[in-house]
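The values are calculated or read from the model by the stated rules, or taken from the named source; none is laboratory data. Bear in mind that the values here come from a model prediction, so they are computed numbers and not experimental data. Heads up, the Cβs are rebuilt from the backbone with ideal geometry, glycines too, and the neighbour counts pull from every protein chain shown.
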Amino acid sequence: MSEVAIKDITPGKAEMGKTRRPQSWWSLKKEAMKANKHAYVMLAPYMLLFGLFTVLPVVMSVLISFTYFNMLEFPRFIGWQNYSRLFLEDDIFLIAVKNTLLFAAITGPLSYVACFVFAWIINDLRPKLRAFMTLVFYAPSISGNIYFIWQMIFSGDRYGIANGFLIRWGILLEPIQWLKTEIYILAIIILVQLWLSLGTGFLAFIAGLQTVDKTLYEAGAVDGIKNRWQELWYITLPSMKPQLMFGAVIQLTTSFAVADVSIYLAGFPSVNYAAETIVTHLMDFGTIRFEMGFASAIATVLFTLMVGTNLIVQRMLRKVGG
């Protein structure tokens with residue numbers, strides 16, 4: 001081999017002294033952004049609107065919760081006074097927290113399980129019948145004045161449906177003021193909320209069940225799966241984890257944000273605050289008294305409860321099906 005050839009293939013001193021440094025996290029991120037720049041451009045309008053109308057209001061609410069703000073004067077910083085007043089002086093708020101947690105503990109899991117069970121049963125029907133039953137179950141959540149029906153059922157006179165049946169069967173002698181009696185109000189509102197909860201989560205489960213690959217059931221039968229319950233646990237649930245997560249978020253958020261059903265059926269405020277929730281308490285101070293700093297503190301507490309509960313539930317759901 002000639003000297004020229006050897007010189008061509010032998011690295012120089014400058015090149016031998018150089019070593020490739022590993023790329024930094026930011027360099028890798030920049031390369032990924034350049035490779036997916038079209039996706040970021042498409043996402044930009046949504047992210048802008050999401051930041052302006054979701055993230056920014058949440059941040060502003062947290063900041064305002066540390067101020068005294070009555071909508072007429074400029075907010076005045078008062079530190080933790082709103083929170084100390086909320087937990088140490090506001091007895092009605094403690095009632096609202098108890099009612100809200102009770103709502104969430106009962107309506108959240110029950111409505112979640114009910115949504116999935118009904119979706120699982122309806123999914124096996126013929127397409128036209130499945131579409132009709134989906135509409136039947138979803139209709140209550142989108143109906144306008146659906147509370148009028150329940151007001152008729154639990155009307156406090158003899159013409160109320162519940163009172164009429166109970167008097168006719170000899171169980172009652174006099175009608176009961178269902179929506180004005182403290183011991184009945186909360187149970188009735190929980191019942192109505194459960195009925196109304198077959199909404200978005202139900203549709204998500206229907207959609208998730210439709211996307212499960214049917215060949216997995218055939219493979220499962222070969223591997224030893226013998227019944228529908230084993231199919232459900234080992235194939236169906238693991239195949240629709242995104243829908244299960246989405247349904248959990250929707251059902252828990254709805255159960256924590258109960259307000260309309262309480263206002264329409266029990267009044268605002270309800271008798272002895274028997275149906276008071278965190279959201280109705282927030283509406284009281286935010287839209288009637290205009291104590292926006294205090295209302296923002298209530299909203300921050302509710303937001304923290306929602307986020308914490310959703311994180312716990314999502315961690316539990318990640319273990320479903322292994």
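Tell me, please, whether a residue that is surrounded by fewer than 13 Cβ atoms within 10 Å (Cβ to Cβ), more than 19 Å from GLY247 (Cα to Cα), among the aliphatic types (A, V, I, L, M) and modelled with pLDDT of 90 or more can be found in the range 100-112. No: zero hits.
Exactly one residue out of PHE303, PHE294 is buried (at least 22 other Cβ atoms within 10 Å of the Cβ) and assigned to a helix (DSSP H, G or I): that is PHE294. Selection of the range 109-134 for residues being within 28 Å of LEU186 (Cβ to Cβ), out of contact with any Phe, Trp or Tyr (no Cβ under 8 Å at 6 or more places or on another chain) and of a type outside the set (Val, Ile, Thr) yields PRO109, LEU110, SER111, TYR112, ALA114.
Please pick out the residue among TYR184, TYR234 that is within 26 Å of GLN251 (Cα to Cα), touching a Phe, Trp or Tyr at 6+ places or on another chain (Cβ under 7 Å) and surrounded by 12 or more Cβ atoms within 10 Å (Cβ to Cβ). Just a single option satisfies the conditions, and that option is TYR184.
Quick check: anything in the range 244-251 crowded, with 17+ Cβ neighbours inside 10 Å, in contact (Cβ under 8 Å) with a residue 40 or more places away in the chain and within 21 Å of ARG76 (Cβ to Cβ)? No, because not a single residue in the range 244-251 is crowded, with 17+ Cβ neighbours inside 10 Å, in contact (Cβ under 8 Å) with a residue 40 or more places away in the chain and within 21 Å of ARG76 (Cβ to Cβ).
Yes/no matrix, rows are residues, columns are (1) assigned by TED's automatic domain parsing to the domain that holds VAL279; (2) hydroxyl-bearing (Ser, Thr, Tyr); (3) surrounded by 11 or more Cβ atoms within 10 Å (Cβ to Cβ):
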position: VAL41; (1), (2), (3): no, no, no
position: MET47; (1), (2), (3): no, no, yes
position: GLY51; (1), (2), (3): no, no, yes
position: THR54; (1), (2), (3): no, yes, no
position: VAL58; (1), (2), (3): no, no, yes
position: PHE69; (1), (2), (3): no, no, yes
position: PHE74; (1), (2), (3): no, no, no
position: SER84; (1), (2), (3): yes, yes, yes
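Out of the residues in the range 131-161 that are out of contact with any Leu (no Cβ under 9 Å at 6 or more places or on another chain) and surrounded by 15 or more Cβ atoms within 10 Å (Cβ to Cβ), state the one that is nearest to PHE202 (Cα to Cα). Only one residue fits best here, namely ILE153. Restricted to the range 280-291, and to residues that are touching a residue at least 40 places away in the same chain (Cβ under 8 Å) and part of a helix (DSSP H, G or I), which residue is nearest to ILE78 (Cα to Cα)? Residue satisfying both the conditions and the ranking: HIS281. Answer yes or no as to whether GLY247 is touching a Gly at 6+ places or on another chain (Cβ under 6 Å), within 21 Å of ILE146 (Cβ to Cβ), not basic (Lys, Arg) and not in a loop (DSSP other than H, G, I, E, B). No.
May I ask you to verify whether ILE225 is of a type outside the set (Ser, Thr, Tyr), part of a loop (DSSP other than H, G, I, E, B), out of contact with any strand residue (DSSP E or B) (no Cβ under 9 Å at 6 or more places or on another chain) and surrounded by 14 or more Cβ atoms within 10 Å (Cβ to Cβ)? Spell out how you get there, then give the answer.
Details: of a type outside the set (Ser, Thr, Tyr): yes; part of a loop (DSSP other than H, G, I, E, B): yes; out of contact with any strand residue (DSSP E or B) (no Cβ under 9 Å at 6 or more places or on another chain): yes; surrounded by 14 or more Cβ atoms within 10 Å (Cβ to Cβ): yes.
Yes: the conditions hold for ILE225.
Yes or no: the range 166-178 includes at least one residue that is under 30 Å from SER239 (Cα atoms), surrounded by 16 or more Cβ atoms within 10 Å (Cβ to Cβ) and among the hydrophobic types (A, V, I, L, M, F, W, C). The answer is no; no qualifying residue exists.
Taking the range 184-203, which residues are outside any helix (DSSP H, G or I) and of a type in the set (A, V, I, L, M)? Write out each step before concluding.
Keep residues of the range 184-203 that are outside any helix (DSSP H, G or I), which gives 197-199.
Across the range 184-203, the qualifying residue is only LEU198.
For the range 53-74, a residue qualifies if it is closer than 18 Å to ILE288 by Cα and out of contact with any Gly (no Cβ under 7 Å at 6 or more places or on another chain), and the qualifying residues are SER61, ASN70, MET71, LEU72, GLU73.
Restricted to the range 56-143, the set of helices (runs of 4 or more DSSP H) holding at least 2 residues that are within 18 Å of the chain's Cα centre (by Cα), of a type in the set (Ser, Thr, Tyr) and on the phi < 0 side of the Ramachandran plot comprises 91-122, 127-142.
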